[in-house]
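The values are calculated or read from the model by the stated rules, or taken from the named source; none is laboratory data. Just so you know, these numbers come straight off a predicted model, no measurement behind them. FYI the Cβ positions are ideal-geometry reconstructions off the backbone, even for glycines, and counts take in every protein chain you see. These area figures cover heavy atoms from the full protein model, side chains too; ligands, DNA and RNA do not enter into them. Shrake-Rupley method; radii C 1.70, N 1.55, O 1.52, S 1.80 Å.
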Amino acid sequence: MDLTYTAAEEEFRRELRAWLQANIPEEWRRPGFWESLDPDESFRLRRDWERDKAAAGFAGIQWPVEYGGRGGTPGMKAIYDEEMVRADAPRTANGLGLTFLAPTVMAIGTDAQKKEIIGPMLRNEVIWCQGFSEPGAGSDLAAISTRGVRDGDEFVVNGQKVWTTNAVHGDKIFALVRTEPGSQRHRGLSMLLIDMHQPGVEARPLKQMSGASEFGEVFFDDARVPVTDCLGGIGEGWRTAMLLLSFERGASGIAQYTEFRRHYDRIADVARRLGRDRDPVVRSKLARVLTELECLRLHAMHVLTQVEQGRDLGFEASMTKLQWSETFQDLWEVYDEILGEDATLDSTDGLDLRPLHAQAMWSRSVTIWGGSSQVQRNVTAERVLGLPR
């Protein structure tokens, strides 16, 4: 494991840190600022800021230069993730497109798709959603029933997607659709790139218990998609989806550790200000979760080292998802125990708890989305450890 960065990577850190310091308004760093905004206004601010960041050369850090990226190293990407958290930078407005779709298009897209998709996405001119989950196809993704019927040079799409991040703000959606009549499970699927502003596509927000509507559901009613807007080949949707999901790997744990450690410090401060830090049970639980966090940091650096050495992590990414999601949940369970019944209040003893509330409620979801902990354990057991099904 290599815990150091090169001189060039540290120079990139200094350059990025200076730009972030100069370009993030002080009020944006104030706890609760983003929660106080109208959701549409919040999204507009984040979208515009991220466009300016791309123009300054701080987007697509590991992307090849010919696609508008910086051509950086995995270490530079890890530094970028870390410094974005340290600077309280706004959350990305186009995360699914930038993380998943763009590298997939670079790998298997047609020349026309590369030209039409990658540049506008990097500049936030087009916001992308992911259309995988359905009411009857969540963890069992192969149960997808949304169908696309060939009509000349187009597919006519009918069905429903759910738990779609940024559905109400999306311009386009990359969706798994069953394009072969009568097909079942992994066969007969295609990855279609669908315009969400056309007739026959309706996005509805889903209210979360935090009050936010980050997710939505999308309905297709005779929506039309050109055959040329199929990514990876007709009938090759499952293979394309697996390639797309494989890009959620590498140094992602660096950003999560940095963010979670900041949350930990705030939770420990709440314990001190409420006098709970003298409770030996609370101190023991805080120590335990701090140990988990440091294990996450070391695991993230191990993963980064493997990536820098050119190793394809493959199914080992499931181990990273398990570790960071369960560590995050354990952290916020300690927060709930510290506050007791006051965990339901907006404030207590002069402490504004609203920003912490949002994270505590969000923590309940992280062991479900992106592959539940149960699924990740199965993947790790079968594909990494070689155990029988």
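Summing charges over all other residues whose Cβ lies under 12 Å from the Cβ of residue 131, with Lys and Arg as +1 and Asp and Glu as -1, gives 0.
When all protein chains stay in place and ligands, DNA and RNA are ignored, the 1.4 Å accessible-area order of 299, 186, 197, largest first, is 197, 186, 299. Within the shell of other residues whose beta carbon sits under 11 angstrom from the beta carbon of residue 141, the net charge comes to -1, with Lys and Arg scored +1 and Asp and Glu -1. Residues 149, 162 ordered from highest to lowest accessible area at a 1.4 Å probe: 149, 162.
Solvent exposure of the chain amounts to 49 Å² per residue of accessible area, where only protein heavy atoms count and the probe is 1.4 Å.
Beta-bridge orientation, segment 138-226: approximately 95 percent antiparallel, per DSSP, counting only bridges with both partners inside. Its residue count N sets the reference 2.2 N^0.38 Å, and the alpha-carbon radius of gyration of segment 133-176 equals 1.27 times that reference. Per residue, the convex hull around the alpha carbon atoms of the chain comes to 151 Å³.
Counting heavy atoms of the protein chains alone, residue 260 has an accessible area of about 10 Å² for a 1.4 Å probe.
Placing 389, 91, 364 in order of accessible area, with the largest value first and a 1.4 Å probe, yields 389, 91, 364.
For residue 161, the solvent-accessible surface computed with a 1.4 Å probe is close to 0 Å², ligands and nucleic acids excluded.
Calculated from DSSP H runs of 4 or more alone, at -39500 (n - 2.57) each and per residue, what is the 222 nm mean residue ellipticity of the chain, nearest 500?
So the calculated ellipticity at 222 nm is -14000 deg cm²/dmol.
Pairwise Cα distances in segment 297-389 exceed 18 Å in 58 percent of cases.
Checking the a/c ratio against 1.5 first, then a/b against b/c, what shape does the Cα gyration tensor give for segment 232-389? Verdict is prolate for segment 232-389. Taking the C-alpha atoms only, the angle from helix 317-339 to the longest principal axis of the chain is near 40 degrees.
Each DSSP beta bridge with both residues in the chain is either parallel or antiparallel, and the antiparallel ones are about 85%. One decimal place: the segment residue 337-residue 184 gains 50.4 nm when fully extended, by the rule 0.36 nm per residue minus the C-alpha distance.
Evaluated at 20 °C with a viscosity of 1.002 mPa s, what Stokes-Einstein diffusion coefficient in µm²/s does segment 72-226 have when Rh comes from the Kirkwood expression over alpha-carbon pairs? Answer, rounded: 128 µm²/s. The longest part of the chain holding none of the exposed loop GluC sites (Glu not before Pro), meaning those outside H, G, I, E and B in DSSP with at most 15 other Cβ atoms within 10 Å, is 249-389. Exposure check, 1.4 Å probe, all protein chains in place: residue 387 carries approximately 90 Å² of accessible surface. Non-local lysine pairs in the chain, meaning eight or more places apart or on different chains, with alpha-carbon distances under 18 Å, amount to 5. Please compute the net charge surrounding residue 296, taking Lys and Arg as +1 and Asp and Glu as -1 over other residues with Cβ under 12 Å from its Cβ. That sum, taken over residues with Cβ under 12 Å, equals -2.
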